[in-house]
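The values are calculated or read from the model by the stated rules, or taken from the named source; none is laboratory data. Quick caveat: nothing in here was measured; it's all calculated off a predicted structure. Here Cβ is always computed from backbone atoms with ideal geometry, including for glycine, and neighbour counts include all displayed protein chains. Note: accessible area is taken over every heavy atom of the protein model, side chains too, but ligands, DNA and RNA are not part of it. Shrake-Rupley method; radii C 1.70, N 1.55, O 1.52, S 1.80 Å.
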Amino acid sequence: MNEKCAVVGIFGHEEASKLAYFSLHAMQHRGQEAAGISSSDGKELHTIKKRGLVMRVFDEAKLKTLSGGSAIGHTRYSTAGDDSILDAQPVFARYDLGEMAIVHNGNLTNAEEVRNKLIEKGAIFQTFMDTENLIHLIATSEKDKLLGRIVDAVERIEGAFSLVFLSRKKMFAMRDRHGFRPLSLGRLPNGGYIVASETCAFDLVGAEFIRDVQPGELLIFEKDKKPKSIQVFEPTPKHCIFEYVYFARPDSNVFGQSVYQTRKNMGKELAKVQPIEADVVIPVPDGGVPSAIGYAQESGIPYEMGIMRNHYIGRTFIEPTQEMRDLKVKMKLSPMPGVIAGKRVIVIDDSIVRGTTSRRIIRMLKEAGASEVHMRVSSPPTTDPCFYGVDTPDKENLIAANMTTQEICDYIGADSLAYLCEESLLKSVNSTQDQYCTACFTGKYIV
Ligand code: SF4
(Lines give C-alpha, C1' and ligand atoms only; values in the text may rest on other atoms or scores of the structure.)
Protein backbone atom coordinates (compact mmCIF):
# COMPACT_ATOMS: atom_id res chain seq x y z
CA MET A 1 0.00 0.00 0.00
CA ASN A 2 1.27 3.43 -0.85
CA GLU A 3 0.39 6.84 0.51
CA LYS A 4 -0.59 9.09 -2.32
CA CYS A 5 1.12 12.37 -1.59
CA ALA A 6 2.63 14.93 0.74
CA VAL A 7 1.76 18.61 0.67
CA VAL A 8 3.47 21.66 2.14
CA GLY A 9 2.82 25.39 2.23
CA ILE A 10 5.24 28.11 3.36
CA PHE A 11 4.04 31.67 3.98
CA GLY A 12 6.07 34.70 4.99
CA HIS A 13 9.68 33.65 4.41
CA GLU A 14 12.09 35.15 1.87
CA GLU A 15 13.37 31.68 0.98
CA ALA A 16 9.95 30.04 0.87
CA SER A 17 10.73 27.69 -2.03
CA LYS A 18 13.90 26.43 -0.30
CA LEU A 19 11.92 25.63 2.85
CA ALA A 20 9.28 23.90 0.72
CA TYR A 21 12.07 21.87 -0.90
CA PHE A 22 13.51 20.75 2.46
CA SER A 23 10.01 19.94 3.73
CA LEU A 24 9.27 17.81 0.68
CA HIS A 25 12.57 16.04 1.15
CA ALA A 26 11.55 15.14 4.73
CA MET A 27 8.25 13.76 3.39
CA GLN A 28 9.70 11.91 0.39
CA HIS A 29 8.38 8.59 1.83
CA ARG A 30 4.84 9.77 0.94
CA GLY A 31 5.48 9.82 -2.79
CA GLN A 32 8.43 9.21 -5.08
CA GLU A 33 6.97 9.52 -8.58
CA ALA A 34 7.10 13.29 -9.01
CA ALA A 35 7.74 16.51 -7.10
CA GLY A 36 6.78 20.12 -7.64
CA ILE A 37 6.84 23.59 -6.11
CA SER A 38 4.96 26.81 -6.98
CA SER A 39 6.05 30.10 -5.47
CA SER A 40 4.63 33.60 -5.48
CA ASP A 41 6.64 36.82 -5.54
CA GLY A 42 3.46 38.88 -5.07
CA LYS A 43 3.16 39.65 -8.78
CA GLU A 44 3.16 36.24 -10.40
CA LEU A 45 3.45 32.53 -9.66
CA HIS A 46 6.41 30.37 -10.70
CA THR A 47 6.12 26.60 -10.98
CA ILE A 48 8.54 23.71 -11.48
CA LYS A 49 7.40 20.11 -11.41
CA LYS A 50 8.92 16.97 -12.80
CA ARG A 51 9.00 13.22 -12.45
CA GLY A 52 11.55 11.94 -9.95
CA LEU A 53 12.70 12.36 -6.38
CA VAL A 54 12.77 15.81 -4.77
CA MET A 55 16.59 15.95 -4.86
CA ARG A 56 16.64 15.11 -8.58
CA VAL A 57 13.88 17.52 -9.58
CA PHE A 58 15.37 20.61 -7.91
CA ASP A 59 18.80 22.18 -7.66
CA GLU A 60 20.06 25.54 -6.44
CA ALA A 61 19.54 27.23 -9.81
CA LYS A 62 15.97 26.00 -10.15
CA LEU A 63 15.08 27.01 -6.61
CA LYS A 64 16.39 30.53 -7.35
CA THR A 65 13.81 30.89 -10.13
CA LEU A 66 11.07 29.99 -7.62
CA SER A 67 11.31 33.41 -5.99
CA GLY A 68 9.00 35.02 -3.46
CA GLY A 69 7.82 34.86 0.11
CA SER A 70 5.30 32.05 -0.26
CA ALA A 71 5.45 28.59 -1.81
CA ILE A 72 3.50 25.35 -1.93
CA GLY A 73 4.89 21.92 -2.78
CA HIS A 74 3.92 18.35 -3.46
CA THR A 75 5.41 14.89 -3.77
CA ARG A 76 3.35 12.41 -5.65
CA TYR A 77 2.71 8.72 -5.76
CA SER A 78 0.33 8.22 -8.65
CA THR A 79 -3.09 6.70 -7.90
CA ALA A 80 -5.93 8.46 -9.70
CA GLY A 81 -4.59 9.42 -13.10
CA ASP A 82 -1.49 8.02 -14.73
CA ASP A 83 2.02 8.95 -13.72
CA SER A 84 2.80 11.32 -16.58
CA ILE A 85 4.21 14.75 -15.89
CA LEU A 86 0.81 16.27 -16.61
CA ASP A 87 -0.41 14.59 -13.45
CA ALA A 88 2.34 16.05 -11.25
CA GLN A 89 1.42 18.88 -8.88
CA PRO A 90 1.07 21.78 -8.11
CA VAL A 91 -1.74 22.27 -10.59
CA PHE A 92 -1.39 25.81 -11.92
CA ALA A 93 -4.02 27.90 -13.72
CA ARG A 94 -4.72 31.42 -14.92
CA TYR A 95 -8.33 32.48 -14.52
CA ASP A 96 -10.40 35.67 -14.33
CA LEU A 97 -9.12 36.62 -10.83
CA GLY A 98 -5.45 36.05 -11.68
CA GLU A 99 -3.24 33.02 -11.03
CA MET A 100 -3.60 30.09 -8.70
CA ALA A 101 -1.78 26.86 -7.82
CA ILE A 102 -3.14 23.92 -5.82
CA VAL A 103 -1.65 20.85 -4.13
CA HIS A 104 -3.84 18.01 -2.91
CA ASN A 105 -3.35 14.96 -0.70
CA GLY A 106 -6.30 12.58 -0.79
CA ASN A 107 -8.90 11.28 -3.18
CA LEU A 108 -12.27 12.73 -4.12
CA THR A 109 -15.03 10.11 -4.05
CA ASN A 110 -17.37 12.10 -6.35
CA ALA A 111 -14.63 13.21 -8.77
CA GLU A 112 -16.15 11.53 -11.81
CA GLU A 113 -19.61 12.98 -11.18
CA VAL A 114 -18.18 16.50 -10.70
CA ARG A 115 -15.97 16.15 -13.77
CA ASN A 116 -18.84 14.95 -15.98
CA LYS A 117 -20.99 17.91 -14.92
CA LEU A 118 -18.13 20.32 -15.69
CA ILE A 119 -17.53 18.71 -19.09
CA GLU A 120 -21.24 19.03 -19.89
CA LYS A 121 -20.85 22.77 -19.25
CA GLY A 122 -17.91 22.97 -21.64
CA ALA A 123 -14.86 22.48 -19.38
CA ILE A 124 -11.78 20.92 -21.00
CA PHE A 125 -9.51 18.77 -18.83
CA GLN A 126 -5.80 18.23 -19.41
CA THR A 127 -5.21 15.53 -16.79
CA PHE A 128 -6.99 12.73 -14.96
CA MET A 129 -6.31 14.27 -11.56
CA ASP A 130 -9.08 15.00 -9.07
CA THR A 131 -7.30 18.27 -8.32
CA GLU A 132 -8.11 19.68 -11.75
CA ASN A 133 -11.81 19.52 -10.79
CA LEU A 134 -11.09 22.09 -8.10
CA ILE A 135 -9.45 24.48 -10.56
CA HIS A 136 -12.56 24.37 -12.74
CA LEU A 137 -14.95 24.70 -9.80
CA ILE A 138 -13.05 27.77 -8.58
CA ALA A 139 -12.77 29.31 -12.06
CA THR A 140 -16.48 28.87 -12.81
CA SER A 141 -17.82 29.88 -9.37
CA GLU A 142 -19.99 32.99 -9.40
CA LYS A 143 -18.45 34.38 -6.18
CA ASP A 144 -16.36 37.50 -6.72
CA LYS A 145 -13.45 36.74 -4.31
CA LEU A 146 -11.11 33.75 -4.28
CA LEU A 147 -12.05 32.88 -0.67
CA GLY A 148 -15.75 32.61 -1.60
CA ARG A 149 -14.86 30.55 -4.64
CA ILE A 150 -12.74 28.11 -2.62
CA VAL A 151 -15.61 27.61 -0.15
CA ASP A 152 -18.00 27.19 -3.08
CA ALA A 153 -15.70 24.58 -4.64
CA VAL A 154 -15.04 22.49 -1.52
CA GLU A 155 -18.77 22.37 -0.78
CA ARG A 156 -19.23 20.50 -4.06
CA ILE A 157 -16.59 17.84 -3.52
CA GLU A 158 -16.65 14.77 -1.30
CA GLY A 159 -13.99 12.44 -0.02
CA ALA A 160 -10.53 12.95 1.41
CA PHE A 161 -8.61 16.16 0.88
CA SER A 162 -5.86 18.08 2.54
CA LEU A 163 -5.39 21.04 0.21
CA VAL A 164 -3.09 24.03 -0.02
CA PHE A 165 -3.91 26.87 -2.45
CA LEU A 166 -1.55 29.66 -3.47
CA SER A 167 -2.55 32.94 -5.09
CA ARG A 168 -0.31 35.92 -5.74
CA LYS A 169 -0.95 37.45 -2.30
CA LYS A 170 -2.46 34.71 -0.13
CA MET A 171 -2.21 31.08 0.85
CA PHE A 172 -5.13 28.85 1.95
CA ALA A 173 -5.03 25.43 3.69
CA MET A 174 -8.05 23.18 4.08
CA ARG A 175 -8.94 19.70 5.35
CA ASP A 176 -12.08 17.71 4.55
CA ARG A 177 -14.73 17.39 7.27
CA HIS A 178 -13.44 13.94 8.35
CA GLY A 179 -9.75 14.91 8.37
CA PHE A 180 -8.79 11.64 6.67
CA ARG A 181 -5.33 12.84 5.74
CA PRO A 182 -3.14 14.78 8.19
CA LEU A 183 -2.25 18.47 7.91
CA SER A 184 -0.45 20.41 10.64
CA LEU A 185 0.26 24.09 11.21
CA GLY A 186 3.59 25.42 12.48
CA ARG A 187 5.49 28.67 12.98
CA LEU A 188 8.81 29.29 11.25
CA PRO A 189 11.72 30.77 13.22
CA ASN A 190 11.27 34.14 11.42
CA GLY A 191 7.55 34.35 12.38
CA GLY A 192 6.23 32.99 9.06
CA TYR A 193 4.04 29.92 8.83
CA ILE A 194 4.20 26.38 7.52
CA VAL A 195 1.50 23.77 6.86
CA ALA A 196 2.59 20.22 6.07
CA SER A 197 1.28 16.68 5.88
CA GLU A 198 3.72 15.57 8.58
CA THR A 199 5.53 17.32 11.39
CA CYS A 200 8.86 15.70 10.41
CA ALA A 201 8.97 18.56 7.87
CA PHE A 202 8.75 21.10 10.73
CA ASP A 203 11.75 19.58 12.48
CA LEU A 204 13.93 19.89 9.39
CA VAL A 205 13.17 23.60 8.81
CA GLY A 206 13.20 24.51 12.52
CA ALA A 207 9.45 25.22 12.73
CA GLU A 208 7.48 25.01 15.93
CA PHE A 209 4.30 22.93 15.90
CA ILE A 210 1.21 25.04 16.65
CA ARG A 211 -1.68 22.63 16.07
CA ASP A 212 -3.35 20.42 13.48
CA VAL A 213 -5.58 22.07 10.89
CA GLN A 214 -8.99 20.91 12.10
CA PRO A 215 -11.24 18.66 10.01
CA GLY A 216 -13.46 20.97 7.93
CA GLU A 217 -11.32 24.05 8.70
CA LEU A 218 -10.01 26.55 6.16
CA LEU A 219 -6.98 28.65 7.12
CA ILE A 220 -6.22 31.89 5.29
CA PHE A 221 -2.71 33.33 5.33
CA GLU A 222 -2.23 37.01 4.52
CA LYS A 223 0.79 39.31 4.85
CA ASP A 224 1.36 40.75 8.35
CA LYS A 225 -1.70 39.00 9.76
CA LYS A 226 -2.23 35.92 11.91
CA PRO A 227 -3.81 33.03 10.01
CA LYS A 228 -7.58 33.44 9.91
CA SER A 229 -9.71 30.35 10.51
CA ILE A 230 -13.09 29.54 9.00
CA GLN A 231 -14.86 26.33 9.98
CA VAL A 232 -16.44 25.50 6.62
CA PHE A 233 -17.82 22.11 7.68
CA GLU A 234 -18.89 20.68 11.02
CA PRO A 235 -15.93 18.45 11.96
CA THR A 236 -16.68 14.71 12.10
CA PRO A 237 -13.20 13.20 12.50
CA LYS A 238 -12.36 9.92 10.78
CA HIS A 239 -8.59 10.02 10.65
CA CYS A 240 -6.80 7.37 8.62
CA ILE A 241 -5.57 4.84 11.18
CA PHE A 242 -3.12 3.48 8.62
CA GLU A 243 -1.06 6.65 9.07
CA TYR A 244 -0.11 5.19 12.45
CA VAL A 245 0.26 1.63 11.19
CA TYR A 246 2.50 2.32 8.23
CA PHE A 247 2.47 5.60 6.28
CA ALA A 248 3.73 8.36 8.53
CA ARG A 249 7.36 8.65 9.58
CA PRO A 250 7.93 7.49 13.18
CA ASP A 251 9.39 10.87 14.13
CA SER A 252 6.18 12.66 13.10
CA ASN A 253 3.21 13.54 15.26
CA VAL A 254 -0.01 13.01 13.36
CA PHE A 255 -3.55 13.53 14.63
CA GLY A 256 -2.04 14.76 17.90
CA GLN A 257 0.09 11.73 18.74
CA SER A 258 3.62 10.41 18.26
CA VAL A 259 3.65 7.87 15.44
CA TYR A 260 6.58 6.04 17.05
CA GLN A 261 4.78 5.67 20.36
CA THR A 262 1.53 4.42 18.81
CA ARG A 263 3.51 1.84 16.80
CA LYS A 264 5.29 0.70 19.94
CA ASN A 265 1.91 0.42 21.67
CA MET A 266 0.72 -1.81 18.80
CA GLY A 267 3.67 -4.13 19.43
CA LYS A 268 2.92 -4.24 23.16
CA GLU A 269 -0.75 -5.03 22.53
CA LEU A 270 0.25 -7.68 20.02
CA ALA A 271 2.47 -9.36 22.63
CA LYS A 272 -0.46 -9.36 25.09
CA VAL A 273 -3.09 -10.78 22.73
CA GLN A 274 -0.90 -12.97 20.48
CA PRO A 275 1.90 -14.39 22.67
CA ILE A 276 4.17 -17.25 21.58
CA GLU A 277 7.31 -18.83 23.03
CA ALA A 278 10.41 -17.87 21.08
CA ASP A 279 14.11 -16.98 21.42
CA VAL A 280 14.20 -13.70 19.55
CA VAL A 281 11.93 -10.92 18.19
CA ILE A 282 12.97 -9.35 14.88
CA PRO A 283 11.29 -6.65 12.75
CA VAL A 284 10.75 -6.51 9.01
CA PRO A 285 12.55 -3.17 8.49
CA ASP A 286 11.72 -0.37 8.48
CA GLY A 287 7.96 -0.54 9.12
CA GLY A 288 8.05 -3.29 11.73
CA VAL A 289 10.79 -1.78 13.92
CA PRO A 290 8.82 0.20 16.56
CA SER A 291 6.21 -2.58 16.95
CA ALA A 292 8.93 -5.21 17.34
CA ILE A 293 10.55 -3.09 20.08
CA GLY A 294 7.15 -2.89 21.81
CA TYR A 295 6.57 -6.64 21.43
CA ALA A 296 10.01 -7.45 22.84
CA GLN A 297 9.59 -5.08 25.81
CA GLU A 298 6.18 -6.51 26.69
CA SER A 299 7.10 -10.18 26.21
CA GLY A 300 10.61 -10.02 27.65
CA ILE A 301 11.95 -11.86 24.57
CA PRO A 302 15.19 -10.27 23.28
CA TYR A 303 14.92 -7.84 20.36
CA GLU A 304 17.47 -8.23 17.55
CA MET A 305 18.02 -6.89 14.06
CA GLY A 306 17.61 -10.19 12.19
CA ILE A 307 17.05 -8.62 8.76
CA MET A 308 19.12 -5.80 7.25
CA ARG A 309 17.56 -3.43 4.76
CA ASN A 310 19.49 -1.97 1.86
CA HIS A 311 18.17 1.57 1.37
CA TYR A 312 20.01 2.21 -1.87
CA ILE A 313 18.44 -0.11 -4.42
CA GLY A 314 16.02 2.42 -5.93
CA ARG A 315 14.09 1.14 -8.92
CA THR A 316 15.45 -1.97 -10.58
CA PHE A 317 14.56 -3.46 -13.89
CA ILE A 318 14.09 -7.13 -13.20
CA GLU A 319 12.63 -9.88 -15.36
CA PRO A 320 9.37 -11.03 -13.80
CA THR A 321 10.42 -14.64 -13.22
CA GLN A 322 10.00 -16.32 -9.84
CA GLU A 323 13.75 -16.57 -9.30
CA MET A 324 14.29 -12.91 -10.14
CA ARG A 325 11.48 -11.77 -7.86
CA ASP A 326 13.14 -13.59 -4.96
CA LEU A 327 16.40 -11.89 -5.87
CA LYS A 328 14.67 -8.50 -5.79
CA VAL A 329 13.51 -9.09 -2.20
CA LYS A 330 17.03 -10.25 -1.26
CA MET A 331 18.51 -7.08 -2.77
CA LYS A 332 16.34 -5.10 -0.38
CA LEU A 333 16.29 -7.33 2.71
CA SER A 334 19.08 -9.69 3.81
CA PRO A 335 18.94 -12.09 6.75
CA MET A 336 21.56 -12.13 9.51
CA PRO A 337 22.28 -15.85 10.07
CA GLY A 338 24.29 -15.12 13.24
CA VAL A 339 21.11 -13.78 14.87
CA ILE A 340 18.61 -16.24 13.42
CA ALA A 341 20.29 -19.65 12.96
CA GLY A 342 18.92 -22.36 15.25
CA LYS A 343 16.49 -19.88 16.88
CA ARG A 344 12.72 -19.73 17.25
CA VAL A 345 12.05 -16.38 15.63
CA ILE A 346 9.08 -13.99 15.98
CA VAL A 347 9.08 -11.70 12.95
CA ILE A 348 6.96 -8.55 13.20
CA ASP A 349 5.57 -6.68 10.20
CA ASP A 350 3.09 -3.80 10.05
CA SER A 351 0.72 -5.42 7.54
CA ILE A 352 0.29 -8.19 4.98
CA VAL A 353 -1.23 -6.95 1.73
CA ARG A 354 -0.74 -9.53 -1.04
CA GLY A 355 1.29 -11.99 1.03
CA THR A 356 4.02 -12.43 -1.57
CA THR A 357 6.67 -10.41 0.28
CA SER A 358 5.91 -12.17 3.62
CA ARG A 359 6.27 -15.53 1.87
CA ARG A 360 9.70 -14.59 0.53
CA ILE A 361 10.85 -13.18 3.87
CA ILE A 362 9.86 -16.34 5.72
CA ARG A 363 11.57 -18.54 3.16
CA MET A 364 14.67 -16.34 3.49
CA LEU A 365 14.66 -16.65 7.31
CA LYS A 366 14.29 -20.44 7.14
CA GLU A 367 17.10 -20.69 4.59
CA ALA A 368 19.22 -18.64 7.02
CA GLY A 369 18.68 -21.37 9.64
CA ALA A 370 15.70 -20.25 11.78
CA SER A 371 14.25 -23.33 13.49
CA GLU A 372 10.76 -21.78 13.69
CA VAL A 373 9.32 -18.57 12.23
CA HIS A 374 6.22 -17.07 13.85
CA MET A 375 4.77 -14.08 12.02
CA ARG A 376 3.00 -11.39 14.04
CA VAL A 377 1.30 -8.46 12.31
CA SER A 378 0.74 -5.18 14.14
CA SER A 379 -2.59 -4.42 12.39
CA PRO A 380 -5.74 -6.40 11.56
CA PRO A 381 -6.05 -8.30 8.25
CA THR A 382 -6.26 -5.86 5.30
CA THR A 383 -9.49 -6.99 3.67
CA ASP A 384 -10.75 -3.94 1.74
CA PRO A 385 -9.33 -1.31 -0.60
CA CYS A 386 -9.00 2.38 0.29
CA PHE A 387 -10.89 5.10 -1.58
CA TYR A 388 -9.45 7.97 0.45
CA GLY A 389 -6.06 8.59 -1.10
CA VAL A 390 -4.14 5.37 -0.55
CA ASP A 391 -3.10 3.08 -3.35
CA THR A 392 -4.36 -0.42 -2.49
CA PRO A 393 -4.66 -3.49 -4.69
CA ASP A 394 -8.17 -4.59 -5.74
CA LYS A 395 -10.02 -6.75 -3.27
CA GLU A 396 -9.23 -9.93 -5.24
CA ASN A 397 -5.52 -9.26 -4.70
CA LEU A 398 -5.78 -8.62 -0.95
CA ILE A 399 -4.83 -11.96 0.54
CA ALA A 400 -6.88 -11.51 3.72
CA ALA A 401 -10.02 -10.88 1.67
CA ASN A 402 -9.68 -14.28 0.06
CA MET A 403 -8.06 -16.61 2.62
CA THR A 404 -8.47 -17.46 6.30
CA THR A 405 -5.60 -16.69 8.68
CA GLN A 406 -4.62 -20.38 8.67
CA GLU A 407 -4.63 -20.47 4.87
CA ILE A 408 -2.43 -17.35 4.78
CA CYS A 409 -0.11 -18.94 7.33
CA ASP A 410 0.23 -22.03 5.13
CA TYR A 411 0.73 -19.88 2.02
CA ILE A 412 3.51 -17.76 3.53
CA GLY A 413 5.11 -20.85 5.10
CA ALA A 414 5.14 -19.58 8.72
CA ASP A 415 4.92 -21.86 11.76
CA SER A 416 2.21 -19.57 13.10
CA LEU A 417 0.55 -16.32 12.06
CA ALA A 418 -1.49 -13.88 14.15
CA TYR A 419 -2.75 -10.32 13.71
CA LEU A 420 -3.57 -7.47 16.07
CA CYS A 421 -7.36 -7.23 16.41
CA GLU A 422 -9.26 -4.00 15.70
CA GLU A 423 -10.03 -3.42 19.38
CA SER A 424 -6.34 -3.64 20.33
CA LEU A 425 -5.36 -1.40 17.42
CA LEU A 426 -7.80 1.27 18.61
CA LYS A 427 -6.45 0.90 22.14
CA SER A 428 -2.89 1.37 20.84
CA VAL A 429 -3.83 4.73 19.31
CA ASN A 430 -5.70 5.83 22.44
CA SER A 431 -9.02 6.00 20.61
CA THR A 432 -11.61 7.28 23.04
CA GLN A 433 -14.29 8.11 20.48
CA ASP A 434 -15.05 6.71 17.10
CA GLN A 435 -12.57 9.11 15.47
CA TYR A 436 -10.66 6.81 13.11
CA CYS A 437 -11.31 5.38 9.66
CA THR A 438 -10.61 1.64 9.75
CA ALA A 439 -12.34 0.78 6.46
CA CYS A 440 -9.45 -1.21 4.98
CA PHE A 441 -9.80 -3.63 7.93
CA THR A 442 -13.57 -3.55 8.29
CA GLY A 443 -15.10 -2.52 4.94
CA LYS A 444 -17.12 0.12 6.80
CA TYR A 445 -16.75 3.14 4.49
CA ILE A 446 -17.81 6.52 5.82
CA VAL A 447 -18.10 8.35 2.52
S1 SF4 B 1 -9.50 2.89 4.23
FE2 SF4 B 1 -7.63 2.41 5.40
S3 SF4 B 1 -5.96 3.45 4.31
FE4 SF4 B 1 -7.91 4.35 3.59
S5 SF4 B 1 -8.25 6.15 4.91
FE6 SF4 B 1 -9.34 4.43 5.85
S7 SF4 B 1 -7.84 3.55 7.30
FE8 SF4 B 1 -6.72 4.86 5.87
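At a glance:
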{"item": "Boolean, Lys64 is part of a strand (DSSP E or B), open to solvent by 20 Å² or more (accessible area, probe 1.4 Å), basic (Lys, Arg) and touching a Ser or Thr at 6+ places or on another chain (Cβ under 9 Å)", "result": "no"}
{"item": "Filtered residue count, the range 341-360, keeping only those that are more than 21 Å from Thr392 (Cβ to Cβ) and touching a residue at least 60 places away in the same chain (Cβ under 8 Å)", "result": "6"}
{"item": "Residue that is nearest to Ile157 (Cα to Cα) [pool: residues in the range 421-447 that are within 14 Å of the ligand (Cβ to nearest atom) and touching a strand residue (DSSP E or B) at 6+ places or on another chain (Cβ under 8 Å)]", "result": "Val447"}
{"item": "Residue selected from the range 118-135 under the condition assigned to a helix (DSSP H, G or I) and over 16 Å from Ile102 (Cα atoms), by the criterion nearest to the ligand (Cβ to nearest atom)", "result": "Leu118"}
{"item": "Qualifying positions in the range 256-277 - in a loop (DSSP other than H, G, I, E, B) and either β-branched (Val, Ile, Thr) or buried (at least 23 other Cβ atoms within 10 Å of the Cβ) (or both)", "result": "Ile276"}
{"item": "Selected residue [open to solvent by less than 20 Å² (accessible area, probe 1.4 Å), assigned to a loop (DSSP other than H, G, I, E, B) and away from the ligand (no atom under 16 Å from the Cβ)] from Ala418, Ala370", "result": "Ala370"}
{"item": "The range 132-155: number of residues that are under 15 Å from Leu166 (Cβ atoms) and touching a Gly at 6+ places or on another chain (Cβ under 9 Å)", "result": "1"}
{"item": "Selected residue (criterion: nearest to Pro215 (Cα to Cα)) from residues of the range 249-293 that are small (Gly, Ala, Ser) and within 16 Å of the ligand (Cβ to nearest atom)", "result": "Ser252"}
{"item": "Subset of the range 390-412 (residues that are more than 16 Å from the ligand (Cβ to nearest atom) and either out of contact with any helix residue (DSSP H, G or I) (no Cβ under 8 Å at 6 or more places or on another chain) or over 25 Å from Gly294 (Cβ atoms) (or both))", "result": "Glu396, Asn402, Met403, Thr404, Thr405, Gln406, Glu407, Cys409, Asp410, Tyr411"}
{"item": "Of residues in the range 33-45 being of a type outside the set (Asp, Glu) and out of contact with any helix residue (DSSP H, G or I) (no Cβ under 9 Å at 6 or more places or on another chain), the one most open to solvent (accessible area, probe 1.4 Å)", "result": "Lys43"}
{"item": "Selection count, the range 348-365, where residues are over 27 Å from the mean Cα position of the chain (by Cα) and either part of a loop (DSSP other than H, G, I, E, B) or farther than 17 Å from Ile408 by Cβ (or both)", "result": "1"}
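Yes or no, residue by residue, for (1) in contact (Cβ under 8 Å) with a residue 40 or more places away in the chain; (2) open to solvent by 50 Å² or more (accessible area, probe 1.4 Å):
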| position | (1), (2) |
| --- | --- |
| Met375 | yes, no |
| Ser378 | yes, no |
| Asp384 | yes, no |
| Val390 | yes, no |
| Asn397 | yes, yes |
| Thr404 | no, yes |
| Glu407 | no, yes |
| Tyr411 | yes, yes |
